[in-house]
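S.K.: Starting off with a structure, shown below.
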Amino acid sequence: MEAQLDDRNERNFLLLHRLIMESTRVLKAMFDSYVSPSNFKTWLPSDKILRKAKLSEAQIRHLKQNPDSSKFDISLLISLLRHFCYKSDLHHPIWDETDNNKIFPSLTGDIANIVRIRNLRNKVFAFL
């Protein structure tokens with residue numbers, strides 16, 4: 001019985017991990033639709049603006065050294081989408097929601113889906 005539970009937990013973890021990996025691809029495509037990869041270097045905001053957007057020094061360095069969204073991790077993509085692509089909704093309360101059970105299923109906008117992905121990613125990494 002315990003072995004079955006362990007197998008089920010492992011399967012669920014692997015499914016969540018795969019979902020996160022696929023979600024990263026979707027977020028990259030979303031970001032690239034706002035900031036074309038060929039225009040990234042001309043778009044790149046100053047360090048001051050990036051810090052104001054709550055990007056860490058490591059994320060800023062990564063942006064400057066690897067101006068290619070295919071090399072961005074999910075955390076960086078979510079930050080860039082929130083602070084630069086969905087700037088007009090920057091203070092929408094859904095960004096602060098950490099429990100996907102509190103996000104109504106009928107709420108299907110991009111921001112709600114980004115927050116759901118972020119929350120799932122946080123759950124996966126909480127297990128590690």
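S.K.: In percent, how large is the relative contact order of the chain, given Cα pairs closer than 8 Å and 6 or more residues apart?
M.R.: Here the relative contact order equals 30 percent.
S.K.: Any idea how far apart A58 and R18 come out in nm if each label point goes 7 Å out from Cα toward Cβ?
M.R.: 2.9
S.K.: Any chance you could check the Cα centroid distance between the range 1-41 and the range 91-123 for me, in angstrom?
M.R.: 15
S.K.: Students often get this wrong, so check it: of K64/K87; K41/K123; K28/K52; K71/K123; K28/K87, which have C-alpha atoms separated by over 27 Å? Intermediate values should be presented prior to the final figure.
M.R.: Details: K64/K87 21 Å; K41/K123 33 Å; K28/K52 22 Å; K71/K123 22 Å; K28/K87 17 Å.
The answer is K41/K123.
S.K.: Still on this model: I'd like to know how the chain sits against the 2.2 N^0.38 Å rule of thumb: what's its Cα Rg over that expected value? The partial results should precede the final answer.
M.R.: Values: Rg = 16.4 Å, N = 128, 2.2 N^0.38 = 13.9 Å.
Scaled against compact globular proteins, the figure is 1.18.
S.K.: By how many nm would the segment from F125 to T98 grow when fully extended, if each residue of separation counts as 0.36 nm and the alpha-carbon distance is taken off?
M.R.: Separation in residues times 0.36 nm, less the Cα-Cα distance, equals 8.3 nm.
S.K.: How much FRET efficiency would the formula 1/(1 + (r/R0)^6) give for H91 and W43, where r is the Cβ-Cβ distance and R0 is 22 Å, rounded to 0.05? Walk me through the numbers on the way to the answer.
M.R.: Details: r = 22 Å, r/R0 = 1.02.
It comes out at approximately 0.45.
Read-outs throughout are calculated quantities, based only on the coordinates presented, and are distinct from any laboratory measurement. Here the structure is a predicted model, which means the values were calculated and not measured. Note: ideal-geometry Cβ built from the backbone for every residue, glycine included; neighbour counts use all protein chains shown.
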